[in-house]
Number of protein chains: 2
Amino acid sequence: MNDDDGEPGHAKLVHLLRAVTVEYGLRQAEFAARNGMHATDVRALISLLDAARADEPATAGRLGARLGLNSAGTTAVIDRLERLGHVARVRDARDRRRILLRVEPGAFRLGREFSGPPIDAVLDVLDAFGPAERDAVRRFLTAALAGFSPKPGA
Amino acid sequence: MNDDDGEPGHAKLVHLLRAVTVEYGLRQAEFAARNGMHATDVRALISLLDAARADEPATAGRLGARLGLNSAGTTAVIDRLERLGHVARVRDARDRRRILLRVEPGAFRLGREFSGPPIDAVLDVLDAFGPAERDAVRRFLTAALAGFSPKPGA
DNA sequence: CCGCGCTCTCTCGCTGAGCGAGATTATCGC
DNA sequence: GCGATAATCTCGCTCAGCGAGAGAGCGCGG
């Protein structure tokens, strides 16, 4: 990646961040395999759980967009999650073209099982942080997030 | 994910981190598609570039382990990267069972094209950081990384 | 109130990523 | 040298995800 430009202390942080994302991906795949799923299914579950927590409506289309899947792939993901009993398809009464995805209790448990330990570890460290330090982390992560999103060439 | 325990300021940072990893995954897939590859190939390239920068030997086996693939899948990844001219297979003279993977110039360019913008964005923010803030970020990321790695139940 | 375009989801057929099993080739201790 | 072990590759298979298009429901204009 040749990001040796910048100060060494800076580059190390960038590498740490990448290491985190890589590790996260591996853990997802491993957890998925342990639970008879695929990485995409775990991502879908997390996406659905996030939406549930934020009280956002979770439709099939939205999920597919979030995962970068086309409609056929999205249907397949939902089929798999439904077969495992993690979500249920519910026709939207307002707009009956839509499928609302209801997250079942087992899925919440799975989500906690997957995300719980790392979240606790991070919260542990954050507890010792002062406001300035938390803000530093926040600015760093925000920059990282913004650094990805722009579509340069497309 | 029901991580509403912990202080709200803390939870937000956890969600930010997850958002970063999710976005990173999507960008990988998108970039891969733009360059006639798959997400796994991009991950492999990044892994190889990291190894090259650290002057670590990059063998087929190591790569597969890093990506969580079995030997057959690893061979397939290398086949694809080789076909695209991004890596070359080189027999290790010391141990001729081993295949060393030489990263070709085009791959370095690809790597920079993918990682450059986000890295620059992050470095930009880090430049304005003092040592204490950088250390806060470092501790946060280290905790996140450590939080993933342990194998609880297996 | 009916038709028409648009949106959302699903079905079908297909490509190819990744797996398991086992073959192949090379190293090493004896 | 020879058997045990290690690294990689080959083969056959399963199934994730894609493209194309069908079907059902919405809502607007006439």
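The values are calculated or read from the model by the stated rules, or taken from the named source; none is laboratory data. No experiment lies behind these values; they were computed from the predicted model shown. A quick note on method: Cβ atoms are made from the backbone with ideal geometry, for glycine too, and the neighbour counts reach across all protein chains shown. Accessible surface is based on the protein model in full, side chains and every heavy atom, while ligands, DNA and RNA are left aside. Shrake-Rupley method; radii C 1.70, N 1.55, O 1.52, S 1.80 Å.
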Of all residues in segment B:54-105 being open to solvent by less than 50 Å² (accessible area, probe 1.4 Å), more than 11 Å from DNA strand C (Cβ to nearest atom) and in a helix (DSSP H, G or I), the one that is nearest to A:V20 (Cα to Cα): B:L63
Residue selected from segment A:44-91 under the condition at pLDDT 95 or above and of a type in the set (D, E), by the criterion nearest to B:F31 (Cα to Cα): A:D79
Hits in segment B:1-22 (condition: modelled with pLDDT under 55 and either within 7 Å of chain A (Cβ to nearest Cβ) or within 19 Å of the chain's Cα centre (by Cα) (or both)): B:M1, B:N2, B:D3, B:G6
Segment B:40-53 - residue that is of a type in the set (D, E, K, R) and away from DNA strand C (no atom under 13 Å from the Cβ) and, of those, nearest to the chain's Cα centre (by Cα): B:D50
Every residue from segment B:19-53 that is surrounded by fewer than 18 Cβ atoms within 10 Å (Cβ to Cβ) and not in a helix (DSSP H, G or I): B:N35, B:G36, B:H38
Some residue of segment B:39-49 being over 20 Å from A:H15 (Cα atoms) and within 14 Å of DNA strand D (Cβ to nearest atom): no
